[in-house]
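In what follows, a single structure is set out as structure tokens and then discussed.
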Amino acid sequence: MSMKPTIGRRVWYWPHQSETLWQHDQPLDAGIVHVHGDGTVNLDIVDEMGRPLSSPTHNGMTTGYRLTEYASKHPGVASWMPYQEKVQGMPTVKAVNAGS
């Protein structure tokens, strides 16, 4: 899939266990705040309490992520959400002029 990342989109960040407040296997919410020319993105990530993610490797802002497909998720990566992938795969509906 070749979804184009854009500023403002929400994605999932799959944290390392050391980045979570308690043990779980859910992603954290992240927002795309910048898209680099090579397609990598800067993310604003929040923890389980809605606070900016703080860890030794980053302080809320992470840089240089390449978004992966949901099926390729693993700790330390950001992925598209399943519904985003599904919508991307749908055929485009063309507008029909009712006056024709």
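Values quoted throughout were computed directly from the atomic coordinates according to the rules given, and no laboratory measurement underlies them. Only a predicted model underlies this, so the values are computations on that prediction, with no experimental measurement involved. When we count neighbours, we look across all protein chains shown, and the Cβ atoms used for this are built from the backbone with ideal geometry, even at glycine.
I'd like the antiparallel share, as a percent to the nearest 5, of DSSP beta bridges with both residues in the stretch 10-89. Working shown, then result.
Details: 18 of 19 bridges.
Taking every DSSP beta bridge within the stretch 10-89, about 95 percent pair in antiparallel fashion.
For VAL77 and MET3 in the same chain, what is the full-extension length gain: residue separation times 0.36 nm, less their Cα-Cα distance, in nm?
Values: separation 74, 0.36 × 74 = 26.64 nm, distance 1.61 nm.
Residue separation times 0.36 nm, minus the Cα-Cα distance, leaves 25.0 nm.
Given labels modelled 7 Å from the Cα in the Cβ direction, how far is it in nm from GLN26 to ARG10?
Each label point lies 7 Å from its Cα, and together they span 1.2 nm.
Order of LEU67, LEU28 from fewest to most other C-beta atoms within 10 Å?
Details: LEU67 24, LEU28 19.
Final ranking by Cβ density, sparse to dense: LEU28, LEU67.
Around PRO15, what is the net charge, scoring Lys/Arg as +1 and Asp/Glu as -1 over all other residues with Cβ under 15 Å from its Cβ? All intermediate terms of the calculation are to be shown ahead of the outcome.
Details: positive: ARG51, LYS73; negative: GLU19, ASP25, ASP29, ASP44, ASP47, GLU48.
Charge balance near PRO15 sits at -4.
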